[in-house]
Structures are given as structure tokens and as C-alpha cells.
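Asks: Quick one: the structure is below, and I'll ask about it shortly.
The values are calculated or read from the model by the stated rules, or taken from the named source; none is laboratory data. Remember, it's a predicted structure, so these values are computed and weren't measured experimentally. Neighbour counts run over all protein chains shown; Cβ positions are idealised from the backbone, glycine included. Each accessible area value is taken on the protein alone, full model and side chains, heavy atoms only, with ligands, DNA and RNA left out. Shrake-Rupley method; radii C 1.70, N 1.55, O 1.52, S 1.80 Å.
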Amino acid sequence: RKWAAPGPADVQLPPTAFREAEEPVCRSAQPRVLRLLNCPAQGSSAPTAQCSKQLAAYTGFRYCIATETFDSSLFLALQSLGVGSGSKVLSNAPPGSTAVSAVHHVEGEFVCVDSTCDLTIDVNDLRLKADASGATVLILSHVCGHIADMEQAQELARSEAAVIAKMAGYYHKQWQHECIPDPRSLPAEHHDECLDFSMQMMNITAVILQPQVSNLERRVRAANSLHERLRT
């Protein structure tokens, strides 16, 4: 079963649905924004560093790099995987502008993989496209929250010697904190390869996001509840 555009029988959301789903900046963050404007912070006490540590603790990862945009995080992930000019990168349909833009920024070539009518990646087409293109990197997109069978996708990636793109980051002394790996831990031959792409999340963005980290579980429950209502 292949992906197809929604038909007339599909659920239609009102034009204001996405605007109504947005929430204003958390009240607890508003005074912190004003304090930051009057007294900028840097280093391990900066909001960006603190937000990175919060997210690392929430996800259970040792390292976490907060970037300003999703495009930036994908670009850095592709860079760290060695994707460059002419490299082919797989991703499932319908292709979002974020994935396409990230591949374009590293001068790679986007290879579109079919999705099923459930909007999850078609693993059979993935196998065909991986063999035909020789691509070794897959950007796996969960379209509109439709989660693919990750075990099946990862098993196929292993069999095809492909890597599923994950988030990656860079090092800059100004932003050093415990959630960024010390460059001295890198192999000696890579010490001169720590480039600064200037994609670190801005402090003002981090200040707004910090209170939301503690509310992630509530937002997940609300999103799941809405999803179930739409399904029924």
C-alpha cells in the first residue's frame, strides 16, 4: 500500500486547528526573558547550556546539543556522518522541506522512499532504493506523528550497512558544558576538525523552552488524546 493524498472521506480539520493548538509563551518564562535582555549569560550558566542539560536528563543521553532549528540539527548530523557533495541520502515520502533542505545544504542528493497509506516508511521500497542508489544514510521521518516500525527499519539499515540519521553537534569554547563532549576525548587526528557552524540555540530561545521541558509528558498525553479522538 502506497502513500496517497487525503481523499474527501478523510478527516478534515478546520483552518484554525493548528493556530488553536499553539500555546503562548509560558508565564514563568516571561520575566526570565526580560532578565536575559538586561543581563546576558554565557558558559555553563547560560540558558542554552541549562536547557541542554535538562533535555539530556529527560532523554537519558549523556550529551545534548541544542540547535536553533531542526534543519540545523539534521545538517550537523549529516555532516558528522560524512555526507557531502554527491552523497545520496534516503528519506521517506512525503518529503518535508526540513529533510530536503538539510541534504541540499551538504550538497547531497535526496532519494525519496515510498510510504504506505499509513504514512510510515515502506521497508520493501527502502530495500530497493538502498540497493539501487548505494545510499548509506537514512533520514527517517515520522510523518504527522505516524511512527514506523523502528525495529524493522533498524534491522534493514543494519543489513544494508546504512545509518539512520540522529542528532549531532559541534564544539566551541564559549559553549562548553558537561553535555558537550570535551574535544580532548576525540582521536588526535580529529582535533583540528572541530568546525564552528554557528548553529547553537540562542539563549532567548532556551529561556522560553526551559519551562516546557517539565511539561513534555503533559503535552504528550494531550497529543495522544487528540490523536485517539481523531482516529475514532
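Asks: Can you list the HN-Hα couplings for segment 80-93, worked out from phi with the Karplus curve (6.51, -1.76, 1.60; θ = phi - 60°), rounded to whole Hz and with x for Gly and Pro?
Replies: The phi angles translate into 5, 8, x, 6, x, 4, x, 5, 9, 10, 7, 7, 8, 7 Hz.
Asks: Normalising by the residue count of segment 58-109, find the relative contact order in percent from Cα pairs under 8 Å and 6+ residues apart.
Replies: Taking the mean separation of contacting Cα pairs over the length of segment 58-109, I get 44 percent.
Asks: Pop a pseudo-label 7 angstrom from the Cα along the beta-carbon direction at both Gln212 and Val33 and give the gap in nm to one decimal.
Replies: 1.2
Asks: Between Thr59 and Glu107, what is the label-to-label distance in nm when each label sits 7 Å out along the Cα-to-Cβ direction?
Replies: 2.9
Asks: Determine, from the Cβ-Cβ distance of Ser225 and Ser85 and an R0 of 45 Å, the FRET efficiency 1/(1 + (r/R0)^6), rounded to the nearest 0.05.
Replies: The formula returns an efficiency of 0.50 here.
Asks: Could you compute how much accessible surface Thr120 exposes when probed at 1.4 Å, giving the result in Å² to the nearest 10?
Replies: Near enough 30 Å² of accessible area.
Asks: What list of ³J(HN,Hα) couplings, whole Hz, do you get for segment 69-76 from phi and the Karplus terms 6.51, -1.76, 1.60, once you set θ to phi - 60° and write x for glycine and proline?
Replies: Each residue of segment 69-76 in turn: 9, 5, 4, 4, 5, 5, 4, 5 Hz.
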